[in-house]
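For reference, the structure is listed below as structure tokens.
The values are calculated or read from the model by the stated rules, or taken from the named source; none is laboratory data. Because the structure is a prediction, the values reported are computed rather than measured. Positions of Cβ are generated from backbone atoms using ideal geometry, with glycine treated the same way; all protein chains shown enter the neighbour counts.
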């Protein structure tokens, strides 16, 4: 009997979690054949895979992004636990709290399995805090904030020497946390958070330019018009702090900035020019940064010019200083130039998984409110089963899956 879709619960720092007991076999089935690089500069497209994770709601998820038969990206959580995605918390997963079975039996912890995938050519993706935690870095507020290069915070408008996780140089370890990193990967295999770069730039334009130019109430009304309608607890932090990807796209495509300009005759010519430039920036970023297909060489060139232009003229157009996500935009152009894709490897599928698992935990299995360990285990089991049923790869049918209806939650 295979453990490919079996799950079990565990306790981490007094909080519950759940995990797939044989993640090696499950990942093998989801991706088809083993990753083969051949030319290491061009990973095999059919076996495209990312290692990633993030905190959403009360739970942090670690897992992989894979592609089904229609080439659509999905995130498969392998470990889900209550708590944050900080280095100190994730490091506790090293301490033998997970007992693997089958093909994963020899793996002492989940990071051994994820590291093996990275060594075979997978990419590392997630938001900035997650990347920093995996690489044992202090994060975006440190003197050396970038997880990809060694740029100091005073020079965010430039790229610097790539980080080398295997280097013994003190310079290469600038901004690191004491202790071994959880994962090691070449700098050019780190996906530069394209979704969060897009959101960060959009929210910055709204907060630093639109709100001061117009009234706070006017911008609040414009944002309310594009916000998605979620059941309580399903929209994530964007419900409180800003726009999510779909909402920012709607904000751009409904020409909100253009309408604001037209409805405010008191604007000076300089203000109008600045606002039109920022609207153009957003339109171009929306077109390129989350593009899921592979890029043509001319698209790579245009995007590189766009990113350079935005960073060079940011201070003059917005009267705002450079900030870490603007620096990461330069890495987005660098990554697209290196691999000819960007959005295809973004953290978006991870973000899309948060509502699914939150819904399973908060509604489908709420009858187990007094047994949170079973509750989160059943939620992960349902998530695994849904991945199995939507993945049209031959090996997945050989896995022992849980019953479709999950009647135990009724």
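So here's what we get for this one:
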read-out: Single unsatisfied condition, residue 225 versus (1) surrounded by fewer than 22 Cβ atoms within 10 Å (Cβ to Cβ); (2) touching a helix residue (DSSP H, G or I) at 6+ places or on another chain (Cβ under 6 Å); (3) farther than 30 Å from residue 92 by Cα; value: (2)
read-out: Only one of 97, 64 that is assigned to a strand (DSSP E or B) and either touching a strand residue (DSSP E or B) at 6+ places or on another chain (Cβ under 7 Å) or buried (at least 22 other Cβ atoms within 10 Å of the Cβ) (or both); value: 64
read-out: Residue ID - modelled with the highest pLDDT, chosen from residues in segment 161-177 that are within 24 Å of residue 94 (Cβ to Cβ) and touching a helix residue (DSSP H, G or I) at 6+ places or on another chain (Cβ under 6 Å); value: 163
read-out: Extreme residue, surrounded by the most Cβ atoms within 10 Å (Cβ to Cβ), among residues of segment 117-152 that are out of contact with any helix residue (DSSP H, G or I) (no Cβ under 7 Å at 6 or more places or on another chain) and without any contact (Cβ under 8 Å) to a residue 24 or more places away in the chain; value: 152
read-out: Filter result for residue 369 (over 16 Å from residue 291 (Cα atoms) and either in the same structural domain as residue 57 (by TED's automatic domain parsing) or crowded, with 21+ Cβ neighbours inside 10 Å (or both)); value: yes
read-out: Residue in segment 165-176 that is closer than 24 Å to residue 344 by Cα, surrounded by fewer than 23 Cβ atoms within 10 Å (Cβ to Cβ) and outside the structural domain of residue 258 (by TED's automatic domain parsing) present; value: no
read-out: Pair list, Cβ under 6 Å, 6 or more apart: segment 165-194 residue free of Cβ contacts under 8 Å to residues at least 40 places away in the same chain, other residue in a loop (DSSP other than H, G, I, E, B) and surrounded by fewer than 18 Cβ atoms within 10 Å (Cβ to Cβ); value: 165/184; 172/164; 175/138; 175/142
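Condition check ((1) in contact with a strand residue (DSSP E or B) (Cβ under 8 Å, 6 or more places away or on another chain); (2) at pLDDT 90 or above) across all residues:
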site: 179; (1), (2): no, no
site: 184; (1), (2): no, yes
site: 189; (1), (2): yes, yes
site: 204; (1), (2): no, yes
site: 214; (1), (2): no, yes
site: 222; (1), (2): no, yes
site: 230; (1), (2): no, no
site: 234; (1), (2): no, no
site: 240; (1), (2): no, no
